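Student: After the structure tokens below, expect a handful of questions from me.
Bear in mind these aren't lab numbers, they're just calculated from the coordinates by the rules spelled out. From a predicted model like this one, the values you see are computed outputs, not experimental measurements. Note that each Cβ is placed from the backbone with ideal geometry, even for glycine, and that neighbours are counted across all protein chains shown.
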């Protein structure tokens, strides 16, 4: 089975913070589709806006490291964050 990388450009606003790291701002309810994988490089930052969530039906591949972690933060305490369903066989979370 071939894995497909979900293109999130239409869903999230991306800002480059370095050559490979990204800042991803999440608003509303977003979905990583079944049989898709959302990948982020080391040093990236995910910011949840108020009442935001990401339902993960596929997989996540966040490649953080000690030197360049993937940071997940929220602007406010409201919202659900990540909702992991993992409906894809062999998905990475």
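Student: Which order do the peptides 39-52, 68-81 come out in when sorted by mean C-beta neighbours inside 10 angstrom, highest first?
Tutor: Packing order, densest peptide first, comes out as 39-52, 68-81.
Student: While we're here: Working out 0.36 nm times the residue gap between residue 73 and residue 42, then minus their Cα-Cα distance, what length gain in nm do you get to one decimal? Don't skip to the end; give the middle numbers.
Tutor: Working: separation 31, 0.36 × 31 = 11.16 nm, distance 1.54 nm.
9.6 nm is the gain from fully extending residue 73 to residue 42.
Student: Same structure, new question: State the extension gain, in nm to one decimal, for the chain segment bounded by residue 30 and residue 63, taking 0.36 nm per residue of separation less the distance between their alpha-carbons. Can you show the working numbers first?
Tutor: Working: separation 33, 0.36 × 33 = 11.88 nm, distance 2.06 nm.
Length gained, residue 30 through residue 63: 9.8 nm.
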